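Below is one structure; the comments refer to it alone.
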Amino acid sequence: MGENGTCLKFHSPLAPLMEEFLKEKRACGYRYDRGSLFLQSLDRFLLSEGLSTLELPRLMVDRWTAKKAHERPTNQAARVAYVREFARFLVRHDHDAFIPPNRVCPLIRPDFAPYIFSLAEIREILQAADKTRPDRNSRLQHIIFPEIVRVLYGCGLRAGEARKLTVGDVNLAEGILHIRKGKFRKDRLVPVAPSLLDRLRRYAARMGERSSRSVFFPAPQGGAYSATALYGRFRILLRVAKIPHAGRGKGPRLHDLRHTFAMHRLVGWYREGVDLSAKLPVLAAYMGHTSLEGTQRYLHLIADLFPQITARQEAIFGSVIPTGGEA
């Protein structure tokens with residue numbers, strides 16, 4: 001299965017091995033959606049090159065990983081990384097395969113700093129969402145987008161988690177979202193704040209009776225919104241809210257609503273006088289992080305953006321910023 005649930009088929013001589021490779025990845029807990037699409041592209045390329053044996057020759061690998069015209073370095077690097085993983089799989093199963101080195105292409109990528117929206121900017125985004133109007137291609141978007149944006153920020157969900165929620169995943173009686181097969185295919189339960197829960201109940205009433213398998217925030221065709229469609233709508237909201245955008249991949253990104261949720265929650269706890277480091281396991285579980293390392297980087301952001309918070313916390317509780325882990 002590829003992104004959006006599409007079924008992938010391979011046709012080159014390596015097709016059975018590609019299928020086994022995907023099964024192995026998913027058995028380890030990876031969705032591997034993007035990787036499967038790259039693998040399908042490699043499969044088509046090998047067919048066009050006339051591959052007839054169960055091997056992955058260096059010449060074909062070099063041709064497939066060569067930079068395309070106008071291709072971003074990050075995309076080329078991704079192709080190299082995915083073919084490297086597949087080549088290693090082939091070698092482990094006693095097939096000849098060329099494993100490209102780590103730096104086939106120069107990739108300069110500074111540490112990415114997420115955009116943290118201010119409370120005023122969040123208000124502007126929500127007001128922009130509330131101004132959404134229906135159109136002939138999306139008659140319900142004025143009902144759907146104000147709520148999906150609030151769920152993304154108010155619950156800190158990943159965009160893929162929010163857009164794939166079903167009616168059965170949203171427990172309006174108890175105020176719990178059931179996130180199924182999130183990142184690394186982990187399930188988790190996410191409590192919803194009372195004010196947001198009231199909105200979701202009103203939203204569900206407006207949407208009418210639906211089966212438990214229906215998408216909670218449906219696209220015009222009834223399925224889940226694509227990542228591209230959701231990102232496009234988010235860009236419109238930023239424009240209406242008059243929040244500058246530096247371009248695709250530079251932010252603010254839709255995923256920055258999740259980062260903003262985490263930072264605002266930590267700032268809220270700080271104002272309540274609690275030990276931020278003691279709250280990390282709570283935040284990690286709520287956001288679906290596999291370890292504390294992913295959550296600890298928010299403390300580093302706190303140190304950069306709000307040095308006064310770090311100073312006060314360390315004076316009361318000791319060191320806030322953990323050594324090691326992800327920045």
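The values are calculated or read from the model by the stated rules, or taken from the named source; none is laboratory data. The model shown is predicted, which means the values in this text are computed figures rather than measured ones. Please note: Cβ atoms are built from the backbone with ideal geometry, for glycine as well, and neighbour counts cover all protein chains shown.
Can you tell me which residue in the stretch 257-295 is farthest from the chain's Cα centre (by Cα), limited to those that are among the small types (Gly, Ala, Ser) and at pLDDT 85 or above? Only one residue tops the list, namely GLY268. Where helices (runs of 4 or more DSSP H) fall entirely within the stretch 6-79, those with at least 1 residues that are within 18 Å of LYS181 (Cβ to Cβ) are at 15-27, 33-48. Listed conditions (1) in a loop (DSSP other than H, G, I, E, B); (2) exposed (fewer than 13 other Cβ atoms within 10 Å of the Cβ) are all met by ALA120, apart from (1). Scanning the stretch 36-86 for residues that are among the small types (Gly, Ala, Ser), closer than 18 Å to LEU8 by Cα and buried (at least 18 other Cβ atoms within 10 Å of the Cβ) returns a single hit, SER36. GLU124 satisfies every condition listed in (1) modelled with pLDDT of 95 or more; (2) farther than 30 Å from ARG199 by Cα; (3) acidic (Asp, Glu) except (2).
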